[in-house]
Amino acid sequence: MRELSEQLKRARVEGGVFELPPQLEIRLSGADAFRYLNGQITRDLKRLGAQEALPGCILTPKGKLSATLLIRRDGEDLIVESDPSLKESLTARLERYIVADDVTLSIEPTQRTFHVFGAMATGEPWVSVSGIRVSRMGEEGRDLDPAMTGVLDVESLPMLDPSVVEALRIERGIPKWGVELTGETLPPEAGLDRTHIDYDRGCYPGQEVISRLKSIGRVNRLLHHLRCLGSAGEKLAPGMGIITGEGNEVGEVTSSVAGIPDESPCALGYVHRAAAESGTSLFALDPLTGSRTPLSITQVTGP
């Protein structure tokens, strides 16, 4: 367990490398693939460079998330990466708007992929391995080309433990599908307006809602970092309610760092804007014991 603590400390400074969990990848082929996808997402695909992945969203007409995406080129085709749980719904969502367009969708086979980030990405052996530029951990990184990882003995290299990767995600305020992000989430609630939306582009489904939210400058809840103010040993856990001193529920814990020694409890959660801005004392409520843990909260302002 102590090794996890050392891994986390090193990764904060040096970056690291880890194996990505399996992802959904949908290939869009055909003469109209670029134009079609560009009309469906929150980013302008003209800004997609070679050998890089562009983060974006695909929305419902009401501006809520259908999926978060990473989009890259593969020759004349486009590859859309998203969470595996969205295989059926995202495929259906993309197919729904294909009318007379020359676009074909197909699911890509799963491949082992490794991501390297931070200072480690600029040193050997990683700098010599081709890959796709993408920020998965809130800083510069690359997905290594699966065809090239054979030149490395990846099994013998110091891979980060998944619990360390999760701790970094939470520390850096990176929302995750199925946890902070669901089909009920408006992108600005999770801070995706800073990384996944181009406001100076043309129309797409949900664009009017997103533009309206930007013009009024507010949503009703926002993602926050949460930390315990109480005595040592107190923990935060997903599903805990966030309440005021009067017992009014104003939010919920969504993710928490667990299983790493010497780390103070840190979590992510949504807090209603009015409660966060009022300066009132907030507590995490344990649903089993009814105990309250005093909280400090800081709005997530980007990884």
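A short reminder: the numbers here are calculations on the coordinates, not readings from a lab. Since this is a predicted model, take the numbers as computed values, not measurements. No Cβ is skipped: glycine too gets one built from the backbone with ideal geometry, and neighbour counts run over all protein chains shown.
Note on Ser291 and Thr182: their simple-model spin labels are 2.7 nm apart, each label 7 Å out from Cα toward Cβ. Spin-label pair Glu246-Ala31: with each label point 7 Å from Cα along the Cα-Cβ axis, the two points sit 6.5 nm from one another. Using the Cβ-Cβ distance between Ala274 and Asp200 with R0 = 45 Å, the FRET efficiency computed as 1/(1 + (r/R0)^6) comes to roughly 0.90. Here is how the number arises for the chain: DSSP H runs of 4 or more residues each give -39500 (n - 2.57), the sum is divided by the residue count, and the result at 222 nm is -5000 deg cm²/dmol.
Calculate the FRET efficiency for Leu20 and Thr301 from the Cβ-Cβ distance with a Förster distance of 30 Å, rounded to the nearest 0.05.
Computed FRET efficiency for Leu20 and Thr301: 0.70.
Once a ≥ b ≥ c are taken as the square roots of the eigenvalues of the Cα gyration tensor of the stretch 177-220, is the result rounded (a/c under 1.5), prolate (a/b larger than b/c) or oblate (a/b not larger than b/c)? Since a/c reaches 1.5 and a/b is larger than b/c, the shape of the stretch 177-220 is classed as prolate.
In the chain, what is the count of Lys pairs whose alpha carbons are under 19 Å apart, counting only pairs at least 8 residues apart or on separate chains? Count of close lysine pairs: 5. Shown here for the stretch 1-105: trypsin sites (Lys or Arg not before Pro) in loop regions (DSSP other than H, G, I, E, B) with at most 16 other Cβ atoms within 10 Å, namely Lys62.
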